[in-house]
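Student: The structure that follows is given in the form of structure tokens.
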Amino acid sequence: MREEVRKIQEMLERQAYITDAAVATSVYLAMRLGKPLLIEGPAGVGKTEIAKVLARALSTNLVRLQCYEGLDAATSLYEWNYAKQLLHIKLQEASAESADEKEAEIFSEPFLLKRPLLEAITAPNRPPVLLIDEVDRSDEEFEAFLLEVLSEFQVTIPELGPIRATHRPYVVLTSNRSRELSDALRRRCLYLWIDYPSFDKELEIIRARVPAISEALSTELTRIIQAVRKLGLVKVPGVAETIDWAEALVALNASELDREVIRETAGCFLKDESDLRRFEAEFDAESFKDRDQDSERMKAEG
């Protein structure tokens, strides 16, 4: 098993997703046992990215269901194409077919609009990766419906009958914990918690995702982000914001992080006005001066 987990970790890292044994083990077990993987953690730490990377690594389709309040079965499973049905009825008005035959014709697969859950279940060639993103944003009624689908990977369409998955999809659910999920859903899933990365891991992520950035700049950027997360902000920057900032600095051809550059690009990793003010108050002129002196000393020693 350890060898298989190592292969999963290498497979993910070939897609520039820096991971560890805990993540690789969870992905391996979810695939091996055929169980959904529920991933929780702060926003922007790479939960959604696991599903995307897994789909690329397996060379299969990613089917994404973005959850929100009010999401229902019709929006997530299927709908009938009423416009197409009406047009077909008008075109067949002079047909000799019986009413039952006409009804059977318009309630057939060519008139069916597949939404993400049905699309994942009916994938024809190979199992897709089904990403149910931010499931905590949906309401309890939808969560109950989701339990039925994930239990058997089978749905029933009244006009067509039961439809069972030909290839059981790999299922990844993500949650930012905006509300507590039910015990029933948790019991059906394997569980993985992803937290903000350590300094070394975040530095490795930046260098893998933004290879054009210099070693010195990536180190300083990571050090600042790690410090910013300790300020008690309203919206703590995740790894996604770290990568955005790194890409912005490369686009601006920045060679170092001085006070002016940081102030001008702070909007890449801070997304709240009160957080910007808090950041400016904490990282004052003296602290920047000390950091600049440290940078100069490191350059001289290097």
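Student: Which one of these does residue 64 not meet: (1) within 21 Å of residue 16 (Cα to Cα); (2) touching a Lys or Arg at 6+ places or on another chain (Cβ under 7 Å); (3) of a type in the set (D, E, K, R)?
Tutor: Residue 64 satisfies every listed condition except (2).
Student: Is it the case that segment 211-218 has a residue that's charged (D, E, K, R) and under 13 Å from residue 45 (Cα atoms)?
Tutor: No, that holds for no residue.
Student: Is one or more of the residues making up segment 189-201 assigned to a helix (DSSP H, G or I) and surrounded by 19 or more Cβ atoms within 10 Å (Cβ to Cβ)?
Tutor: no
Student: In segment 126-146, what residues are under 20 Å from residue 30 (Cα atoms) and exposed (fewer than 14 other Cβ atoms within 10 Å of the Cβ)?
Tutor: 126
Student: Then there's this: Look through segment 215-237, keep the residues that are in contact (Cβ under 8 Å) with a residue 40 or more places away in the chain and more than 17 Å from residue 275 (Cβ to Cβ), and return whichever of them is farthest from the chain's Cα centre (by Cα).
Tutor: Looking at residues that are in contact (Cβ under 8 Å) with a residue 40 or more places away in the chain and more than 17 Å from residue 275 (Cβ to Cβ), I get 216.
Student: Identify, please: which residue in segment 147-182 is assigned to a helix (DSSP H, G or I) and in contact with a Leu (Cβ under 7 Å, 6 or more places away or on another chain) and is, among those, farthest from residue 64 (Cα to Cα)?
Tutor: Filtering first and then ranking leaves 147.
Student: Looking only at residues in segment 45-95 that are at pLDDT below 90 and β-branched (Val, Ile, Thr), which one is nearest to residue 125 (Cα to Cα)?
Tutor: Result: 75.
Student: Do we have residue 218 as in a helix (DSSP H, G or I) and among the polar types (S, T, N, Q) here?
Tutor: yes
Student: Name the one entry in 212, 240 that is of a type in the set (Gly, Ala, Ser), touching a residue at least 24 places away in the same chain (Cβ under 8 Å), part of a helix (DSSP H, G or I) and surrounded by fewer than 20 Cβ atoms within 10 Å (Cβ to Cβ).
Tutor: That would be 240, the only listed residue that is of a type in the set (Gly, Ala, Ser), touching a residue at least 24 places away in the same chain (Cβ under 8 Å), part of a helix (DSSP H, G or I) and surrounded by fewer than 20 Cβ atoms within 10 Å (Cβ to Cβ).
Student: Given the criterion under 26 Å from residue 19 (Cα atoms), in the same structural domain as residue 256 (by TED's automatic domain parsing) and modelled with pLDDT under 95, identify the matching residue among 208, 212.
Tutor: 208
The values are calculated or read from the model by the stated rules, or taken from the named source; none is laboratory data. All values derive from a computational prediction rather than experimental measurement. Counting neighbours? That spans all protein chains shown, and the Cβs are built from the backbone with ideal geometry, glycine included.
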